[in-house]
Every structure is written in C-alpha cells, then in structure tokens.
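A short worksheet on the structure shown next.
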Amino acid sequence: MASRKAHASPGETFLVSEIYPTIQGESSLVGHATVFVRLFGCNLRCVWCDSMHAVEGTGFRERTVDDVAGEIRKYLGESESDATRGIQFVCWTGGEPLLQWRSIARAISSLPGALVHTIETDGEIDLRAFDAEVRGHRDAGRVRYIMDVKCPGSGMTAKHAYENLERLRPIDEVKFVLADRRDYEFAKQVLGDRPTRASTILFSPVTPAHEVRRGLDPATLATWILEDRLRVRLQPQIHKYIWPGKERGV
C-alpha cells in the first residue's frame with residue numbers, strides 16, 4: 001500500500017500514474033492514436049486487474065491540472081497545415097479516474113474543444129455530478145463513457161453500475177470483462193434486465209493478469225456470441241497483442 005499521502009486536491013491537482021500516447025486497444029475507438037492519462041487510485045480490487053501499479057503502491061505524482069493539460073497538449077501534435085496529423089482522442093483511465101472527476105472536468109474545459117475524451121470507469125461511481133460539470137462537452141459528444149459492469153469473475157460485485165446504466169447515452173459504451181461461461185451468462189442477464197441507451201456493448205475476454213493465470217479464449221467467446229446471436233461487440237484487448245507482456249505505457 002502507499003506509504004505517503006495519496007489524496008489530490010479536488011479540482012486543483014491530480015494523482016497521476018502515467019501519461020503517454022499509444023494506440024487505443026479497446027472500445028469502438030480501437031486502433032486510434034490516443035493520449036492516455038492513467039490516474040492513481042481505485043475503489044475496487046479486481047482479481048484480473050492489469051494496472052495494479054495505478055492502484056496500490058507509491059508509483060504516482062501529484063500534479064496540477066494545468067501541468068497535466070499541458071502535457072496532453074504536448075502529445076497532441078496538432079497541425080493546422082496537415083489535416084492527416086494530430087491526435088484527436090484523450091482517454092482518462094486508472095485505477096478509477098472518476099475518483100478525481102473535478103480535476104478531469106477542469107482539464108477538459110481547458111483543452112481544445114474538438115478533442116474526444118473517453119472516461120474508462122468501473123461503473124461504481126455515480127455519474128451525475130461529473131455529467132453536470134461537463135454538460136456542454138458531453139452534449140456535443142466530446143465526453144463519452146466506457147463503463148464496466150463487474151462480472152462475478154472479477155471478484156467484485158456490481159452495485160451502482162445498474163443505476164448508471166440508465167444514465168448512459170447512445171455515444172457511451174458498456175463493457176463486460178468475461179472470465180468464463182458464468183460471466184457470459186451474467187452479462188446476458190444484465191442486458192436483458194437492465195435497459196441502457198448505450199449503443200455499443202463490449203464483451204472482452206479476460207487475459208492473464210494479477211491473480212488470473214488463464215484467460216478466456218476469444219474463439220470460445222466468439223462461438224457463444226454467434227450461437228446466441230447477441231448484438232454485442234467482441235473486444236479483445238489489441239494492445240496486448242501489439243505489446244505482449246507490457247503493462248506500462250500501452
């Protein structure tokens with residue numbers, strides 16, 4: 001566990017694990033060059049977590065909102081003379097980024113308005129306060145959630161995610177990380193019982209990480225989806241194929 005204070009000043013500073021440009025490995029934006037802002041701290045402890053360096057320990061720095069926004073701008077590489085260049089996407093992840101939602105909202109308001117920000121959240125933080133803070137950007141589709149619903153195989157229990165499903169919009173995405181058939185059946189039941197306006201549903205096979213030594217074969221998951229004719233998107237984490245075994249900076 002962290003041996004030093006792990007608390008940011010809301011709206012003023014972040015606890016940052018790392019910031020880096022990479023290829024988005026998940027969601028409907030998979031394959032796009034994206035600036036990742038990995039924030040430190042999490043409210044959950046999933047058994048298959050692949051970013052424990054952003055959850056526990058001392059691997060973070062407290063940085064001002066302006067400092068973080070400045071580093072994001074550095075990686076954007078925008079070029080007014082060349083429409084084919086310049087990163088358009090920023091992904092806020094963790095840990096659980098919405099633990100620092102006030103600082104995220106302030107950073108978004110200071111960055112170029114054309115950027116699309118994705119918020120990778122575990123679904124257990126009430127979305128309403130952040131929604132209200134970024135209303136203009138969110139109404140324009142520039143702030144989008146990629147929201148997990150925790151399956152039994154994660155070792156965690158979905159609670160607030162069910163209410164958050166009702167708050168999502170068509171631009172948002174819901175992700176189920178699946179370890180086995182039980183998780184698959186759980187995800188199907190949630191989708192049947194809990195309607196959401198999110199237009200993209202991601203089924204992601206778990207890959208070995210942390211306490212998980214064996215992943216779910218993507219071909220097996222594909223077979224289940226085809227047998228049930230589900231309207232979902234099979235989403236392996238492609239960054240783990242591009243950079244196998246690497247946990248940081250991807």
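Each reported figure results from applying straightforward, stated rules to the coordinates on display, with no laboratory input. Source: prediction; values computed, not measured. Glycine also receives a Cβ, built like all others from the backbone with ideal geometry; neighbour counts cover every protein chain displayed.
Based on DSSP H segments of at least four residues, each scored -39500 (n - 2.57), the chain has a per-residue ellipticity at 222 nm of -7000 deg cm²/dmol. Protection proxy ranking for 15-28, 220-233, using the average of other Cβ atoms within 10 Å per residue and placing the highest first: 15-28, 220-233.
Taken over the range 23-149, the alpha-carbon convex hull comes to 114 cubic angstrom per residue.
Which one of 57, 77, 141 has the biggest mean-square fluctuation once the chain is modelled by GNM with Cα springs under 10 Å? Per the Cα network of the chain with a 10 Å cutoff, 77 tops the list.
Under conditions of 20 °C and 1.002 mPa s, the chain yields 116 µm² s⁻¹ as its translational diffusion coefficient, taking Rh as the Kirkwood radius over Cα pairs in the Stokes-Einstein equation. With Cα atoms defining each centre, the range 153-172 and the range 41-117 are spaced 21 Å apart in the structure. Distance between Cα centroids, the range 119-136 to the range 216-233: provide it in whole Å. Each part reduced to its Cα centre gives a spacing of 30 Å. Per the Debye formula on identical point scatterers at the alpha carbon atoms of the range 130-250, with no solvent, log10 I(q)/I(0) at q = 0.10, 0.19, 0.23 Å⁻¹ is -0.34, -1.11, -1.36. For the chain, DSSP calls about 30 percent of its internal beta bridges antiparallel.
Stretching the chain fully between residue 160 and residue 114 yields a gain of 13.5 nm (0.36 nm per residue, less the alpha carbon separation).
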